[in-house]
Amino acid sequence: MSDEGNSQPKKDSFAALRYKDFRSYLGMRFFFTFAYQMQTTVLGFYIYQLTHSTVNIALIGLSEVIPAVGIALYGGYIADKYEKRKMLLLIFTGVLISSLVMGFVTLNSMSPHIQISWILTAIYAMIFCNGVARAFYGPATFIVYSNSIPRKIYPNASTWSSSSWQLASILGPLTGGFLYGFAGKIIPGLAGITANFAIIVLFLMIALVLVFRLRTYPPTFVPKENIWKSLSAGLNFVFTNKMMFYAMSLDLFSVLFGGMIALLPVFALDILKVGSEGLGIMRMASSLGAALTMITMVRYSPMNRPWRNLLIAVAGFGACIIGFGLSHIFYLSLVFLFLQGAFDSVSVIIRGTIMQLLTPDDMRGRVSAVNQMFISSSNEFGDFESGMAAKYLGTIPSVLFGGCMTIAVVTFTFFKTRKMIPLKLEEIHMPKKEEPVAPPAEG
């Protein structure tokens, strides 16, 4: 007797990749993230090497976060209202121009003609422009991602999307750090910062080409009320949804206090004394831990008890920050950074899935904008907080303080959300939605 009727359907680990638009989205996001992570890594090192000031490092995050947060809600409103492919083409073009300007002002041949203060001003101005672009980029890509695959494979797609981001976050800093240190030895006279911007511009152009491969994504709603009522609807939705609100808040405060990535140039040059190559390896270690964990989660999902697992992951993230601050051994520091990335990847997968499941289609842009204000911009706020805390407390005390505050935030959240800890994924309320959208790619 055949047992075919009693067999369970085999889990498809590649389900999301069978959709053409999702593959284009994944490639676009990979190359953009690779370029962005390279740029962030080398700019922090370049500015600290130029000025030896943690305040100047802090200003990198502040320059980007001011526009990213200031116009985030408007970016979400526009993303809901306008066609997303055209938006992304404009966004990527603007970011490409900003990188070209930064590459130009950091040329060795320009240093006799431009004062350091003007170089810094130009870099901060371009980072500010990137912050403006990011206010629109986040909501637009959130909608493209959501509508490129069926809802039932969101957990699988979230894992692939996050894994792609983490892989780019491994290769970007590693490539940036080593290219910064060795470019002059490979091609005499070539500055490391210039070699980096050549790769950054190339990868941004590839990302722009992949945007062209996307289909059009028309408006998801036509607003019948004025813009302020429309924006407030997005805010009200988030603040009245307890799970979404606490997930965003947990990330905001943990990354705000525990975000010490901006201080890695200080550790690389002054504490661990490993140079730009060591900086690239340290930036890579965290992302490597995240990527390997996410690959594991393609097969073993953390969504069986999502809220419980989220709290455990963020607590582990804070403990690793403390361990890193106490370490004066380079390889031990890499271990803590690796584990930090592993814990962070678990929380990213859980938060991403919760966001997708709980957000109605006609509010995705605005809810994503609120999410960007809480989560995406918390990294830059964390960079600013870390730089300023290092100035007044010292580098190592500021890192230890951040780790302790992260654990305190998790403890507070645990007592406020105890009823959500036993919930299984299927017990989370999911708004009704018609099944998409993009058919699987042929072949």
### Message
Of all residues being surrounded by fewer than 16 Cβ atoms within 10 Å (Cβ to Cβ) and either of a type in the set (V, I, T) or touching an Asp or Glu at 6+ places or on another chain (Cβ under 6 Å) (or both) in the range 186-200, which is farthest from M110 (Cα to Cα)? Just the residue, please.
### Response
I186
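Return a yes/no flag: does the range 19-33 have any residue that is touching a strand residue (DSSP E or B) at 6+ places or on another chain (Cβ under 7 Å) and not in a helix (DSSP H, G or I).
Initially, the range 19-33 is screened for residues touching a strand residue (DSSP E or B) at 6+ places or on another chain (Cβ under 7 Å), giving 19.
The next check asks that each one be not in a helix (DSSP H, G or I); those that pass are 19.
Within the range 19-33, one or more residues are touching a strand residue (DSSP E or B) at 6+ places or on another chain (Cβ under 7 Å) and not in a helix (DSSP H, G or I).
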### Task
Give the residue that is most open to solvent (accessible area, probe 1.4 Å), with candidates limited to residues of the range 29-70 that are over 19 Å from the mean Cα position of the chain (by Cα) and of a type in the set (F, W, Y).
Y46
### Task
Check G131, G177, G172 and return the single one that is assigned to a helix (DSSP H, G or I), buried (at least 20 other Cβ atoms within 10 Å of the Cβ) and in contact with a Pro (Cβ under 8 Å, 6 or more places away or on another chain).
G131
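Can you go through L89, L120, L96 and tell me which one is assigned to a helix (DSSP H, G or I) and either more than 27 Å from F30 (Cα to Cα) or open to solvent by 80 Å² or more (accessible area, probe 1.4 Å) (or both)? Let's see the steps before the verdict.
On the way: L89 fails: either more than 27 Å from F30 (Cα to Cα) or open to solvent by 80 Å² or more (accessible area, probe 1.4 Å) (or both); L96 fails: either more than 27 Å from F30 (Cα to Cα) or open to solvent by 80 Å² or more (accessible area, probe 1.4 Å) (or both).
When all the criteria are applied, what remains is L120.
Restricting the search to the range 273-331, which residues are among the small types (G, A, S) and closer than 17 Å to T411 by Cβ?
Kept after step one, since they are among the small types (G, A, S), are these residues of the range 273-331: 275-276, 278, 280, 285-287, 289-291, 301, 313, 315-316, 318-319, 323, 325, 327.
Matches in the range 273-331: A313, A315, G316, G318, A319.
Which residue, of L292, L279, L310, L263, is surrounded by fewer than 24 Cβ atoms within 10 Å (Cβ to Cβ), part of a helix (DSSP H, G or I), in contact (Cβ under 8 Å) with a residue 12 or more places away in the chain and not polar (S, T, N, Q)? Full working, then the answer.
Working: L279 fails: surrounded by fewer than 24 Cβ atoms within 10 Å (Cβ to Cβ); L310 fails: surrounded by fewer than 24 Cβ atoms within 10 Å (Cβ to Cβ); L263 fails: surrounded by fewer than 24 Cβ atoms within 10 Å (Cβ to Cβ).
It is L292.
The values are calculated or read from the model by the stated rules, or taken from the named source; none is laboratory data. Because the structure is predicted, anything quoted here is derived from the model rather than measured. Every residue, glycine among them, receives a Cβ derived from its backbone with ideal geometry; neighbour counts consider all protein chains shown. Side chains are part of the model used for accessible areas, which takes the heavy atoms of the whole protein and leaves out ligands, DNA and RNA. Shrake-Rupley method; radii C 1.70, N 1.55, O 1.52, S 1.80 Å.
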